[in-house]
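Here's the structure, in structure tokens; my notes come after.
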Amino acid sequence: MKKTDILELVSRKLAPFMFLFGLYLLTYGHLSPGGGFQGGVVIASGIILLSVSRGIETAEALFPSFSLSILETFCFILLLAAGLAGVFLGVGFLGNPLPRAAAAGVPRVGMILLLNILVGLKVAAGVSLICLRFFREDE
Amino acid sequence: MIHRGRFYGGVILRILLVLLVGGFLYLALRGDPETGSPIRDYILRRGTEDTGALNLVTSIYLGYRAFDTLGETLVLLLAVSGVLLFTEGKK
């Protein structure tokens with residue numbers, strides 16, 4: 001593919017904002033449309049944009065495949081651990097162990113926030129891992 | 001032209017397909033049924049209080065149905081494992 005200055009500049013400036021928007025979707029998924037899967041895919045699309053425009057070596061230097069696979073499995077283990085915490089605290093598997101708030105204005109949303117962030121990081125790592133591997137296969 | 005008849009046939013077929021799919025979509029989306037389902041009313045009333053999430057979609061997929069979400073992430077983990085396994089040797 002022929003690289004141009006415009007493509008390089010735009011992709012370099014756009015990718016951090018895509019990561020930021022993905023993190024926003026992760027952390028505000030309980031208040032507004034968004035959530036773990038969508039935010040994770042947006043972060044992964046930032047990584048894919050970097051690897052398409054700047055070359056696969058640059059993207060792999062920033063996000064090595066080994067770290068991505070570690071992140072993927074580690075987030076899944078943390079997800080299982082967060083589910084088991086509900087078992088030990090008596091609300092069932094993947095239940096919300098946070099206490100029900102007395103005041104009406106205080107949401108007990110910490111569990112959903114944690115699950116959203118874990119799912120989002122896991123999806124971002126997984127999708128970008130698959131795409132980086134296929135791009136490398138292509139060369 | 002030889003292919004003109006076949007060309008128009010394809011166009012007519014596509015238009016018929018679009019009309020068919022549009023008809024089904026129109027039948028499906030014609031509006032809300034008058035009586036709400038009990039689970040919808042329950043989630044509208046109690047969803048935010050039960051799970052803490054203002055976004056009711058999130059309160060379903062991470063609150064009431066978190067086990068489904070765990071299964072979906074497991075599917076993605078298996079897909080990544082399969083891709084890494086089958087493309088491992090070729091560099």
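The values are calculated or read from the model by the stated rules, or taken from the named source; none is laboratory data. All values derive from a computational prediction rather than experimental measurement. Because the Cβ atoms are built from the backbone with ideal geometry, glycine has one as well, and the counts that use them run over all protein chains shown. Quick note on the areas: whole protein, heavy atoms, side chains included, nothing else; ligands and nucleic acids left out. Shrake-Rupley method; radii C 1.70, N 1.55, O 1.52, S 1.80 Å.
Taking the C-alpha atoms only, the angle from helix A:65-88 to the longest principal axis of chain A is near 10 degrees. Here segment B:36-91 exposes an accessible surface that is 67 percent carbon and sulfur, computed with a 1.4 Å probe and the other protein chains kept in place.
The mean count of C-beta atoms from other chains within 10 Å of the C-beta of residues in A:112-119, rounded to a whole number, is 5. Measuring how big the protein assembly as shown is from its alpha-carbon positions, Rg and Dmax come out at 22.9, 79 Å. Chains A and B together bury roughly 2600 Å² of accessible surface, counting both sides and using a 1.4 Å probe on protein heavy atoms.
Under the convention that each Lys and Arg Cβ holds +1 and each Asp and Glu Cβ holds -1, the size of the dipole of chain A around its Cα centre is about 400 debye. Assuming a ≥ b ≥ c are the square roots of the Cα gyration tensor eigenvalues, decide whether chain B counts as rounded (a/c under 1.5), prolate (otherwise, with a/b larger than b/c) or oblate. Verdict is oblate for chain B.
If you average the alpha carbon positions of segment A:74-94 and of segment A:45-60, how far apart do those two centres end up, in angstrom? Here the answer is 34 Å between Cα centres.
Inter-chain Cβ neighbour count for A:34-45, averaged per residue, equals 2 (cutoff 10 Å, partner chain atoms only). Two numbers describe the Cα atoms of segment A:1-82: Rg and Dmax, which are 14.7, 47 Å.
Please label the shape of segment A:5-138 as rounded, prolate or oblate, based on the square roots a ≥ b ≥ c of the eigenvalues of the alpha-carbon gyration tensor (a/c under 1.5 means rounded; beyond that, a/b larger than b/c means prolate, else oblate). Here segment A:5-138 falls in the oblate category. Working from Cα pairs under 8 Å separated by at least six residues, relative contact order for segment A:5-138 is 33 percent. Working ranking of peptides A:114-126, A:63-75, B:54-66, B:10-22 by packing, defined as the average number of other Cβ atoms within 10 Å per residue, highest first, is A:114-126, B:54-66, A:63-75, B:10-22.
Angle of helix A:110-138 to the longest C-alpha principal axis of chain A, folded into 0 to 90 degrees and rounded to 10: 20°. In a simple Cβ point-charge model (Lys, Arg +1; Asp, Glu -1; nothing else charged), segment B:36-91 has a dipole of about 160 debye relative to its Cα centre.
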